[in-house]
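Asks: To start, I am sharing the structure in question, which I have written as structure tokens.
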Amino acid sequence: MRKLRHILLCLFCACAFLPAIAQHEIDSIFLLVRLQDDGSARVTERRDARMSEQGTEGFITFNNMGDIEVTDIEVSDDEQDSTFVVEEEWDINRSRAEKTGRCGYHHTDEGVELCWGIGRAGNRTYYIRYTLTNLVKSYDDYDGFCHSFYEAANTPAKYIMMTISLPGDSLTKQNTRIWTFGYDGWKGHAGDFVFAQTDGPVRNGDAIIALVEFEKGLLHPVVKKEGTFKELVKRPALANSAYDIDVAMGDTLQGTARSSLMGGEMGSGHHDAFMMPSADGGGGFNWGLISGFLVIIGLIGWAAKGPVMSDIAFKKRQKKRFAALTEMMDGKKWEEIPYWRKLPMEGNLLDSSAVLAAVNQILQASHNNPIKGIEFSVQHLYEAFILRMFYKGGITLDYDTDKHGKTRQLFRVKEPISPEKQPKLDVTKNSESTYFLTSARRRAVDSLYKGLMHDDGVQYMLQDLLYKASGIDHLLQPDELRVYIKENLEKLRPMADALYHIAESRKEDSALRSDEVQEVVGFVRYLKDFSLVSERHIEEVNLWKEYLVFASFYGIADQVRKDMKKVAPDTTKLDQLIPPHQVIEDFRPITTALASSLYMVRQYETPAERAKRRSSYSSSNSSPRSYSSSSGSSGRSSYSGGGGHSGGGGSGFR
């Protein structure tokens with residue numbers, strides 16, 4: 001009996017340690033939050049994890065959502081040829097095998113969970129994309145939100161980085177302020193976006209809660225609330241936090257001074273500090289204290305002058321930019337520019353896109369009516385150039401039969417011809433990009449791709465990548481592309497940097513020319529009004545393929561393709577001019593694989609870079625900024641506070 005008890009005790013101890021041995025691990029989470037003009041946000045999460053044999057699914061919980069909805073879920077990983085199958089009602093009571101390659105919505109009493117199947121064990125990378133509607137709301141004084149984008153449940157991440165950006169515009173210290181809660185780390189502005197970043201390993205219960213405040217006119221949220229952002233959202237969030245609430249509630253440094261002087265004890269009724277007995281024992285003013293008070297006011301006013309003047313200068317600069325743009329458009333609004341039926345700028349896709357991005361950015365920054373629907377992204381760049389590659393014969397569709405007798409689709413890739421390097425066509429010359437590159441990574445891009453930053457050069461980069469990934473038979477499958485990229489992360493990082501840099505580029509104001517602006521804007525008007533234009537000529541019809549290429553990069557391809565069908569109802573003739581819709585969809589596995597894999601390349605760190613980053617966490621003297629945590633600029637996050645936020649509820653694997 002004693003021996004049996006000993007065996008049972010050993011078995012119990014072994015079982016008790018099994019969960020610890022078989023835990024999932026998340027090495028890093030990268031969140032990209034791209035705000036839209038209407039206040040919604042498209043969120044992309046990348047989770048690098050090591051999965052055990054336990055559990056069946058990953059999940060992200062969204063509670064306390066109010067009028068925010070979670071829609072348009074897409075999940076992919078480092079193994080699937082395409083995105084997972086989406087289920088509107090996710091069944092959590094299934095096996096791991098039954099959930100593999102699938103994702104969906106699990107509705108609960110408190111909110112909704114986004115769930116996806118784990119798949120096989122081992123090192124895995126998951127990409128989760130979804131839309132948050134009505135995230136940013138309009139208030140009487142500002143627009144903004146307080147939202148929990150991540151909350152650690154049973155699988156805390158070792159490192160988290162989140163960026164919030166606005167396509168086509170910059171989130172600057174003049175128009176955007178950010179406070180963060182729930183984790184140990186940093187927050188602030190970098191380039192044209194705001195960020196939140198953890199200091200080290202996250203603990204269960206930690207969260208990434210962001211309170212973000214926008215100047216009026218930067219966005220145009222569809223949801224409007226009665227009352228002020230400061231009182232309805234900001235004050236509850238800052239309560240019980242490490243931030244100085246009186247300072248943080250100020251609009252600018254001038255507002256901060258006002259909050260500091262009129263708040264605190266004085267705001268609580270201790271205004272009689274200025275009335276003290278005089279030297280002769282009678283009542284009177286304490287002139288020494290008043291003099292000191294006036295000196296403090298003078299010092300604060302002097303300190304506030306720089307930022308206030310900077311804000312005034314910023315607004316003047318935007319007015320000046322808009323005036324210069326209006327002059328280039330002959331005093332017309334963009335919707336009054338005459339149609340341009342030819343390809344703009346002699347068919348130069350990237351340069352015309354950089355001009356359009358600059359025009360739209362000026363319109364948005366000047367609080368004027370931007371061109372709706374235009375959105376540049378690296379995903380659109382892939383779609384445009386893969387389509388152009390197809391038109392030019394660089395890639396063709398092929399089919400064969402697998403061992404089970406099923407027909408499968410393949411992509412035959414021709415060997416690309418390297419174009420001559422032409423620095424004068426460099427789209428990044430006289431332009432700026434919202435995609436930030438460190439000096440070391442910029443040098444790597446220049447050494448390999450300088451002179452190839454133009455249409456032919458980008459097509460060569462992508463076609464060469466597809467050709468090398470396709471193997472000796474040159475028949476490419478999406479999983480081959482993923483494997484090839486994963487095996488060449490460090491080698492391909494400069495190319496990924498170059499493509500992101502190009503996709504996010506816009507012309508500098510000084511490089512804009514009136515004829516180019518009018519051509520590009522007129523061309524966009526023509527594409528957007530395609531079905532309304534009655535007069536057409538045969539030379540225009542012959543350009544329809546390139547129209548779709550440009551529309552793909554501009555982000556309006558779906559609308560243009562539908563309009564083409566309206567004006568050319570004869571499907572047979574239309575299919576001779578442009579591929580039918582199904583052919584366009586056939587390329588989605590390739591563009592999806594490119595987007596997910598090259599995003600992974602972009603985030604790749606060399607061993608030396610990783611060691612440097614991790615050593616900075618443990619160094620007590622290291623600090624990326626010396627700003628106070630009580631500002632809406634750069635500095636430390638507050639672990640406490642963040643009340644009244646939407647979202648949250650747990651995230652991990654189970």
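The values are calculated or read from the model by the stated rules, or taken from the named source; none is laboratory data. Bear in mind the structure is a predicted one, so any value in this text is a computation, not a measurement. Methodologically, a virtual Cβ is constructed for each residue, glycine included, from the backbone with ideal geometry; neighbour enumeration extends over all protein chains shown. Calculation scope for accessible area: heavy atoms of the full protein, side chains included, ligands and nucleic acids excluded. Shrake-Rupley method; radii C 1.70, N 1.55, O 1.52, S 1.80 Å.
Asks: Any idea which residue in segment 567-582 is modelled with the lowest pLDDT, counting only those that are assigned to a helix (DSSP H, G or I) and in contact with a Phe, Trp or Tyr (Cβ under 8 Å, 6 or more places away or on another chain)?
Replies: Out of the qualifying residues, it is Leu577.
Asks: Tally time: how many residues in segment 205-226 are part of a loop (DSSP other than H, G, I, E, B) and either hydroxyl-bearing (Ser, Thr, Tyr) or touching a Gly at 6+ places or on another chain (Cβ under 9 Å) (or both)?
Replies: 7
Asks: For segment 69-87, which positions are modelled with pLDDT of 90 or more and farther than 30 Å from Gly643 by Cβ?
Replies: Selection gives Glu74, Val75, Phe84, Val85, Val86, Glu87.
Table: residues versus (1) modelled with pLDDT of 90 or more; (2) surrounded by 19 or more Cβ atoms within 10 Å (Cβ to Cβ).
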site	(1), (2)
Asp169	no, yes
Asp184	no, no
Gly191	no, no
Pro221	yes, yes
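Asks: Right, here's the next one. Could you please find all residues in segment 19-45 being more than 29 Å from Lys372 (Cα to Cα) and among the charged types (D, E, K, R)?
Replies: Correct list: Glu25, Asp27.
Asks: Here's a follow-up. Being small (Gly, Ala, Ser) and free of Cβ contacts under 8 Å to residues at least 24 places away in the same chain is the filter; apply it to segment 97-155 and report the residue that is farthest from Asp77 (Cα to Cα).
Replies: Result: Ala97.
Asks: Does segment 46-63 contain at least one residue that is surrounded by 19 or more Cβ atoms within 10 Å (Cβ to Cβ), among the hydrophobic types (A, V, I, L, M, F, W, C), closer than 30 Å to Gln364 by Cα and modelled with pLDDT of 90 or more?
Replies: Within segment 46-63, none of the residues are surrounded by 19 or more Cβ atoms within 10 Å (Cβ to Cβ), among the hydrophobic types (A, V, I, L, M, F, W, C), closer than 30 Å to Gln364 by Cα and modelled with pLDDT of 90 or more.
Asks: Check whether at least one residue in segment 96-103 is crowded, with 23+ Cβ neighbours inside 10 Å and not aromatic (Phe, Trp, Tyr), and report yes or no.
Replies: Looking for residues that are crowded, with 23+ Cβ neighbours inside 10 Å and not aromatic (Phe, Trp, Tyr), one finds at least one in segment 96-103, hence yes.
Asks: Quick test for you: out of Gly66, Gly39, pick the one residue that is assigned to a loop (DSSP other than H, G, I, E, B), surrounded by fewer than 19 Cβ atoms within 10 Å (Cβ to Cβ) and modelled with pLDDT of 80 or more.
Replies: Checking each option against the conditions leaves just Gly66.
Asks: Could you tell me whether any residue of segment 365-387 is touching a strand residue (DSSP E or B) at 6+ places or on another chain (Cβ under 6 Å), under 21 Å from Ala496 (Cα atoms) and open to solvent by less than 60 Å² (accessible area, probe 1.4 Å)?
Replies: No, segment 365-387 contains no residue that is touching a strand residue (DSSP E or B) at 6+ places or on another chain (Cβ under 6 Å), under 21 Å from Ala496 (Cα atoms) and open to solvent by less than 60 Å² (accessible area, probe 1.4 Å).
Asks: Shifting gears a bit: In segment 460-510, which residues are among the β-branched types (Val, Ile, Thr) and more than 22 Å from Ser352 (Cα to Cα)?
Replies: Once the filter is applied, which keeps residues that are among the β-branched types (Val, Ile, Thr) and more than 22 Å from Ser352 (Cα to Cα), segment 460-510 yields Ile472, Val483, Ile485.
Asks: Moving on. For the list (1) on the phi < 0 side of the Ramachandran plot; (2) over 23 Å from the mean Cα position of the chain (by Cα), I need the number of the one condition that Gly347 fails.
Replies: Of (1) on the phi < 0 side of the Ramachandran plot; (2) over 23 Å from the mean Cα position of the chain (by Cα), only one is false for Gly347: (1).
Asks: Tyr460 passes all but one of (1) in contact with a helix residue (DSSP H, G or I) (Cβ under 9 Å, 6 or more places away or on another chain); (2) aromatic (Phe, Trp, Tyr); (3) within 26 Å of Asn542 (Cα to Cα); which number fails?
Replies: Here Tyr460 meets the rest and fails (1).
Asks: If you take the residues of segment 479-488 that are of a type outside the set (D, E, K, R) and open to solvent by 10 Å² or more (accessible area, probe 1.4 Å), which of them is modelled with the lowest pLDDT?
Replies: Result: Val483.
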